[in-house]
Amino acid sequence: MAARDPDRCEVYSIDRNAVRQAQAELVDRLIATRLAEFFKALSDPTRVRVISALSAAELCVCDVAATLGMSPSAISHQLRLLRQLRLVKRRRAGQMAYYSLDDEHVATLFHEGMDHVGHG
C-alpha cells in the first residue's frame with residue numbers, strides 16, 4: 001500500500017466556483033515573470049544587504065562598498081542588476097554615483113520581509 005501524501009487531496013474533486021474565483025484573481029504571465037525577477041533579485045544575500053543599507057540612506061558606490069566590506073567593483077555589479085530590475089535608482093553628481101531605493105514599494109517590501117522572518 002502506498003503511503004499517503006499529506007500535501008495532496010485523497011480524492012479528486014474540483015470546486016468550479018472556487019476555480020473561477022481564483023482564475024479571476026490570477027496574475028497574468030508577464031506580471032508573474034516581473035514579480036519573480038523582483039524576488040529573484042532578493043534571493044542573493046549581498047543584494048539584500050545592499051537594499052538594507054539603502055533603506056537607511058542614499059549612498060554612493062564607495063559608501064555601500066565600505067558598509068558591506070566589499071570592493072566598489074563588486075558593489076557596482078550588484079547595483080547595476082538592482083537598477084535594471086528597478087529596485088534602486090542612480091543619481092549622478094559630478095563624478096559620484098549615488099544610489100537609493102527606487103520607491104517606497106521597495107522599502108515596504110523589504111521591511112515586510114524583515115518582519116516576516118522575525119528580524120524587523
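Numerical summary
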read-out	value
Selection from segment 94-105 of residues that are modelled with pLDDT under 95 and either assigned to a strand (DSSP E or B) or closer than 14 Å to residue 79 by Cα (or both)	96, 97
Total residues in segment 1-24, condition surrounded by 10 or more Cβ atoms within 10 Å (Cβ to Cβ) and at pLDDT below 90	0
Residue check, residue 93 over 17 Å from the mean Cα position of the chain (by Cα) and among the small types (Gly, Ala, Ser)	yes
Selection status of residue 100, hydroxyl-bearing (Ser, Thr, Tyr) and surrounded by 16 or more Cβ atoms within 10 Å (Cβ to Cβ)	yes
Any hit, segment 87-104, residues being charged (D, E, K, R) and in contact with an Asp or Glu (Cβ under 8 Å, 6 or more places away or on another chain)	yes
The one condition in (1) part of a helix (DSSP H, G or I); (2) surrounded by 10 or more Cβ atoms within 10 Å (Cβ to Cβ) that residue 27 fails to fulfil	(1)
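The values are calculated or read from the model by the stated rules, or taken from the named source; none is laboratory data. As the structure is a computational prediction, the values presented were derived from the model and not from experiment. Methodologically, a virtual Cβ is constructed for each residue, glycine included, from the backbone with ideal geometry; neighbour enumeration extends over all protein chains shown.
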